[in-house]
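*Asks:* I have a structure here, written as structure tokens, and I will follow up with some questions on it.
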Amino acid sequence: MSYLADHDPEIAEIIEQERLRQINGLELIASENVVSKGVLEAVGSIMTNKYAEGYPGKRYYGGCQFHDIVENIARDRLCELFGAEHANVQPHSGSQANQAVYMAYLKHRDVIMSQDLAQGGHLSHGSPVNITGKWYTISHYGVDSKTEMLDYGAIEEQARKEKPKLIVCGASAYPREIDFKAFQEIAESVGALCMADIAHIAGLCATGLHNSPVGIVNFTTTTTHKTLRGPRGGAIMCNEEYAADIDRSIFPGMQGGPLMHIITGKAVCFREAMHPSFTDYCRQIVKNSQTLAEVFLDEGLDLVSGGTDNHLILLDLTSQGITGLEAEQALEKANITVNKNTIPRETRSPFVTSGLRVGTPAVTSRGMKEDEMRTIAGMIADILKDIDNDAVIRQIHAQVEALASSFPLYPEIPPADLS
Ligand code: PLP
């Protein structure tokens, strides 16, 4: 940042402060990660200078020869990583990837069935405050009130009643494995299409640590910046039969010029994700999350669904007598970043909530393992059980800084190993 420090010190200083926040803190937001230096260099490169509307070989601007090459590499690598027939790497975000699928195959007011936001779903799955909820007719499914897990029998029954055109599966706050094949079968049985949004678990699906929907469901959408550990953005995968509709829906349907520096960063990320060390990383994400869950349970805390199969845990704070908001704020004072989250049978508003979502992708990228997870879970439990005790928070703050600053911010990716 030496150039920026001379030319715009105000902004350089903010970036430096944020760098220190990231290095000295514990990032446990389930949807965040820290990218490699390779991804950072690609997204900070001169690839940002170019307009490249269209697709490789068919652009609306001259001078795209290198952008064609990089976008083809990104598409090919994503197809190889997931075994997909077709990939579109242009969506600016996960939300836009989802909207593009809806726009390609649904008409205004058509029925979509999807997981309720309050029970783990995502805004772009038809929340009334989102364009997807305003434009389509939404029938939400939730989790079973006892197990707090998806009940495929109940979802099938609902699909028979509601006759959706599209069933969306995938979630933002669901700690259990999702049976994508079951969703596709339910969709087929009622003549609907099926879309899996694997934004959160993409890294786990790519490496076999969660079943993959690619080639099973009709469309798979994802973000590239969560467990997949790439730059912020989205992508869509599907079979060839849907390729032309999906591509048209992204451009010119929804977007103009693609973010070519981000697509370049996606290409770097997809190559990293094909390396065996990325599978080890994803395995550690799940081990770390299950270790946090074990300690939380030992500490007498309640977990939605009683545990986790993936990268996240959802704490139900009801019996602690505190809200998600209070918990988030107290932990933030100790440099532990998490987010408040609604839980099944939520009684509070989404700004307050009764739950806390805790995820391991970022701390695992920094090299932390089970021992560190036991320490972290103990610190979180100590704060949650004594939330107004500033002395405890101050002491844990010092412990957090000492722990975090002894791990590098960037994931270790040995370049020579990336053959
Ligand atoms: N889908 C799911 C399941 C998500 O969790 C998210 C983001 O958290 C998105 C889509 C949206 O991604 P973006 O923020 O890139 O629009």
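*Asks:* Show me, for region 128-135, the HN-Hα J-couplings you get by feeding each phi into the Karplus relation (A = 6.51, B = -1.76, C = 1.60, θ = phi - 60°), rounded to Hz, glycine and proline as x.
*Replies:* Ordered by residue, 3J(HN,Hα) equals x, 8, 9, 4, 5, x, 7, 8 Hz.
*Asks:* Sticking with this one: According to the Cα gyration tensor, what semi-axes, each the square root of 5 times an eigenvalue, does the equivalent ellipsoid of the chain have, listed from largest to smallest in whole Å?
*Replies:* 33, 29, 18
*Asks:* Hey, another quick one. What pairs in K226/K385; K58/K134; K165/K266; K134/K161; K181/K226 have C-alpha atoms more than 28 Å from each other?
*Replies:* K226/K385; K58/K134; K165/K266
*Asks:* Kirkwood hydrodynamic radius of region 135-219 from all distinct Cα pairs, in Å?
*Replies:* 13.3
*Asks:* Also: Packing-wise, with mean Cβ within 10 Å as the measure, how do 394-401, 311-318 rank, highest first?
*Replies:* Ranked from most to least packed, the peptides come out as 311-318, 394-401.
*Asks:* P(r) for region 277-404: what percent of alpha-carbon pairs falls in each 10 Å bin, starting at zero?
*Replies:* In whole percents, the pair-distance histogram is 14, 45, 34, 7, 0.
*Asks:* Could you go through region 109-124 in sequence order and give the Karplus-derived ³J(HN,Hα) for each residue, using 6.51 cos²θ - 1.76 cosθ + 1.60 with θ = phi - 60°, rounded to whole Hz, and x for Gly and Pro?
*Replies:* 6, 4, 8, 10, 9, 7, 6, 4, 4, 5, 10, x, x, 10, 2, 7
*Asks:* Taking N as the number of residues in region 40-274, what is its alpha-carbon radius of gyration divided by 2.2 N^0.38 Å?
*Replies:* Working it through for region 40-274, the quotient is 0.99.
*Asks:* Under a 5 Å amide H to amide H cut-off, with H placed in plane at 1.01 Å, what residues pair with V168 once short-range neighbours are removed?
*Replies:* M113, S114, M195
*Asks:* Further question: Using only the alpha carbons, work out the radius of gyration and Dmax of region 289-335 in angstrom.
*Replies:* Calculated on Cα positions, Rg and Dmax stand at 11.0, 29 Å.
*Asks:* Have a look at region 80-167 and give its Rg and Dmax from the Cα atoms, expressed in angstrom.
*Replies:* 14.3, 41
*Asks:* Okay, next question. Ignoring everything except DSSP H segments at least 4 long, calculate the 222 nm mean residue ellipticity for the chain; use -39,500 (n - 2.57) per segment, divide by total residues, nearest 500.
*Replies:* Here the helix-only value at 222 nm equals -13500 deg cm²/dmol.
*Asks:* Scanning the chain for helices, which whole DSSP H stretches are 27 Å or more long along the axis (Cα) and average -1.0 or more by Kyte-Doolittle?
*Replies:* Counting only whole DSSP H runs, the qualifying helices are 276-298.
*Asks:* Related question: Relative to the Cα centre, what is the charge dipole magnitude of region 277-404, using +1 at the beta carbon of each Lys and Arg, -1 at the beta carbon of each Asp and Glu, and rounding to the nearest 20 debye?
*Replies:* Here the size comes out at about 320 debye.
*Asks:* In addition: I need the peptides 125-133, 347-355 ranked by packing, meaning the mean over residues of other C-beta atoms within 10 angstrom, with the highest value on top.
*Replies:* Highest to lowest by the protection proxy: 125-133, 347-355.
*Asks:* Is region 1-121 best put as rounded, prolate or oblate by its Cα gyration tensor, with a ≥ b ≥ c the root eigenvalues, rounded for a/c under 1.5, and otherwise prolate when a/b is larger than b/c, oblate when not?
*Replies:* Oblate, since a/c reaches 1.5 and b/c is not below a/b.
*Asks:* Accessible area per residue for region 85-184 in Å², computed with a 1.4 Å probe and the full protein assembly in place, what is it?
*Replies:* Solvent-accessible surface per residue comes out at 41 Å².
*Asks:* A further question on this structure: Quantify, in whole percent, the carbon and sulfur part of the accessible surface of region 62-119 (1.4 Å probe; protein heavy atoms only).
*Replies:* 52
*Asks:* Which order, highest average first, do 58-64, 110-116 follow once you tally other Cβ atoms within 10 Å for each residue and take the mean per peptide?
*Replies:* Result, highest mean Cβ count within 10 Å first: 110-116, 58-64.
The values are calculated or read from the model by the stated rules, or taken from the named source; none is laboratory data. Just so we're clear, the structure is a prediction, and the values are computed from it rather than from any experiment. Glycine gets a Cβ as well: all are built from the backbone with ideal geometry, and neighbour counts include every protein chain shown. Quick note on the areas: whole protein, heavy atoms, side chains included, nothing else; ligands and nucleic acids left out. Shrake-Rupley method; radii C 1.70, N 1.55, O 1.52, S 1.80 Å.
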